[in-house]
Amino acid sequence: MRFQAFIFCLLLVFSNSNHADQSDQRLDALFTQLAASEDPTLIRATENRIWQIWLEHPNEDLERLMEIGTQRMNSRQFPEALLVFNQVVANFPNYAEGWNQRATLYYLLGSYEESIADIEETLKLEPRHFGALSGLGLVYLQREELAKAKQAFEDLIAVHPNSPSAQENLRFVTEQLLINVI
């Protein structure tokens, strides 16, 4: 109950901002750099910078809630994490990373339909969200929907062509599809 009261108090100070960090102007240059580089160190640094921007928000309370939700999710306190992420998407529906984090939580819970729905919301707000595209492919792998997984990984490679994990996942799915045909 104390945790719920804490979340409620933080929400009282939320402003109804429409600022969506996926629209940050710095992202275009970073995605150009991500597509052009084949240097693994530079790719990882660029990915990390993009993630930082996606997580930024002018509302410090929202940023704090995202930290709390992520900490709860990482420590497997799933009900508390879900409470946080539900509040984030309810109060900041234009904040792509709120949807993405809840999609990740749903994936961990095995709630694949809910994960897909939240990934779709993430991608409406940020079509280049390589984390969401990767997650979508993984959800479809779990559901053994290989053609859909292949499409998700192809979409990921269109956004992030030098992602080693995307290339590896696409290769695996393609092999599985060939095995199923034989």
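Taking the chain as the reference, fit the longest principal axis to its C-alpha atoms, fit the long axis of helix 26-36 to the helix C-alpha atoms, and give the angle between the two in degrees, 0 to 90, nearest 10.
20 degrees
May I ask which residue of 117, 73, 101 lies farthest towards the positive end of the charge dipole of the chain, with charges of +1 (Lys, Arg) and -1 (Asp, Glu) on Cβ and the Cα centre as origin?
After comparing all options, I get 73.
Quick one: compute the contact order of region 43-126, relative version, from alpha carbon pairs under 8 angstrom and 6+ residues apart, as a percent.
21 percent
Find how much the distance from residue 47 to residue 144 grows on full extension, using 0.36 nm per residue of separation minus their present alpha carbon separation; answer in nm with one decimal.
Result for the pair: 32.1 nm of gain on full extension.
In deg cm²/dmol and to the nearest 500, what is the mean residue ellipticity at 222 nm of the chain if only DSSP H runs of at least 4 residues count, each as -39500 (n - 2.57), divided by the residue total?
So the calculated ellipticity at 222 nm is -25000 deg cm²/dmol.
Extending each Cα 7 Å along its Cβ direction at residue 76 and residue 39, get the distance between those two points in nm, one decimal.
4.0 nm
Please get the size of the charge dipole for the chain, origin at its Cα centre, with Cβ charges of +1 on Lys and Arg and -1 on Asp and Glu, quoted in debye to the nearest 20.
320 debye
Give me the percent relative contact order of region 127-182, please, defined on Cα pairs under 8 angstrom at least 6 residues apart.
Value for region 127-182: 33 percent.
Which entry in (1) 48, 36, 27; (2) 41, 37, 31; (3) 57, 35, 26 is this structure's computed Cα extents along the principal axes in Å?
(3)
By how many degrees, 0 to 90 and rounded to 10, does the Cα axis of helix 112-125 deviate from the longest principal axis of the chain?
Taking Cα atoms only, the helix is inclined about 80 degrees.
How far is helix 60-74 tilted off the main Cα axis of the chain, in degrees rounded to 10, range 0 to 90?
The angle comes out near 60 degrees.
Which of 56, 144 comes first, and how do the rest follow, when ranked by fewest Cβ neighbours within 10 Å?
144, 56
Each value in this text was obtained by applying a stated rule to the coordinates, not by laboratory testing. On a predicted model such as this, the values are computed, not experimentally measured, just so you know. Reconstructed Cβ throughout: ideal geometry from the backbone, glycine too, with neighbour counts over all protein chains shown.
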